[in-house]
Amino acid sequence: MKALVVNYGVGNIFSISSALKKVGFNVSVNDVLGRDYDLIVFPGVGTFSTVVKYVNSNTEVLNELRGEGTYFLGICIGMHIMFEYGLEGGFNRGLGWFRGYVDLIRADVKLPHIGWDVVYVDYVDDVNEVVANQYVYFIHSYVAYTDEPYNTYSYYGIKFPALITKGNVVVTQFHPEKSGKVGIKFLERLKRWLRR
């Protein structure tokens with residue numbers, strides 16, 4: 001299976017590329033989108049205001065690819081950009097694939113939230129089973145505030161979505177590529193889910 005890791009031009013995307021290769025994806029890193037990929041990954045590097053520049057210049061093709069059934073994985077900022085708007089670095093519109101917006105964690109806690117935390121699951125599905133009640137790695141100050149249904153979450157001063165699946169789009173607040181064996185199991189499960 002072929003995966004594209006989108007290169008926004010910011011940050012280090014070696015870790016996610018390596019993790020995807022480890023579970024058997026043929027990985028390309030590029031800023032050019034195409035129809036020959038099974039999975040397009042928005043990596044967890046950068047800020048909303050920087051990544052939105054890439055999104056704004058590719059919105060039409062991204063929407064077309066999603067509509068045609070290409071699978072997407074958004075990690076951290078890659079998750080955030082798929083909501084309606086974000087407030088990191090000012091007001092910026094996102095893709096709007098999920099209802100809601102992205103803002104700072106509204107709690108009396110130290111930011112950023114860095115480290116290992118448990119992911120809780122209300123009910124198990126094909127994607128979240130391997131992360132249920134497991135520790136995964138987070139590094140973020142912003143979260144999604146949404147009324148989209150989600151059954152996989154964590155806590156850091158507040159409850160926030162840790163993983164949401166909607167059609168052919170999967171987004172995670174945690175970093176699978178930094179989450180050790182659990183993260184690799186998640187990517188393996190995601191790959192099997194794509195083949196179903």
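Coordinate-derived values only; no laboratory data. All of these numbers come straight from a predicted model, not from anything done at the bench. Backbone-built Cβ (ideal geometry, glycine too); neighbour counts: all protein chains shown.
Report ³J(HN,Hα) in whole Hz for each residue of segment 160-171, in order, from the Karplus equation J = 6.51 cos²θ - 1.76 cosθ + 1.60 where θ = phi - 60°; Gly and Pro get x. Taking θ as phi minus 60°, the curve returns 9, x, 9, 7, 9, 10, 9, x, 9, 10, 10, 10 Hz for segment 160-171. In the elastic network of the chain, a GNM with C-alpha springs shorter than 10 Å, the most mobile of Gly94, Gly78, Gly24 is Gly24. Helix content alone sets the calculated 222 nm mean residue ellipticity of the chain: runs of n ≥ 4 DSSP H residues at -39500 (n - 2.57) each, divided across all residues, give -7000 deg cm²/dmol. DSSP finds beta bridges in the chain, and of those with both partners inside it, around 55 percent are antiparallel. Distances between placed amide hydrogens fall under 5 Å for Ala162 paired with Thr152, Tyr153, Ser154, all partners being 5 or more residues away or on another chain. If you take all other residues with their beta carbon under 10 Å from the beta carbon of Thr70, and give Lys and Arg +1 and Asp and Glu -1, the sum is -2. Dipole check for segment 2-195: with +1 at the C-beta of Lys and Arg, -1 at the C-beta of Asp and Glu, and the Cα centre as origin, the magnitude is about 480 Debye.
Quick one: how many lysine pairs does segment 111-196 have with C-alpha atoms less than 21 Å apart and a gap of 8 or more or different chains? Give me the count, please.
4
With the simple spin-label model, which puts each label point 7 Å out from Cα in the Cβ direction, the Lys181 to Glu64 separation comes to 4.5 nm. When a/c reaches 1.5 or more, the comparison of a/b and b/c decides; with that in mind, is the chain rounded, prolate or oblate per its Cα gyration tensor? Cα axes put the chain in the rounded bin. When you restrict to C-alpha pairs under 8 Å that are six or more residues apart and normalise by the size of segment 2-195, the relative contact order lands at 20 percent. Taking Val124, Val169, Val52 as the candidate residues, the one with maximal mean-square fluctuation in a Gaussian network model of the chain, Cα springs under 10 Å, is Val124.
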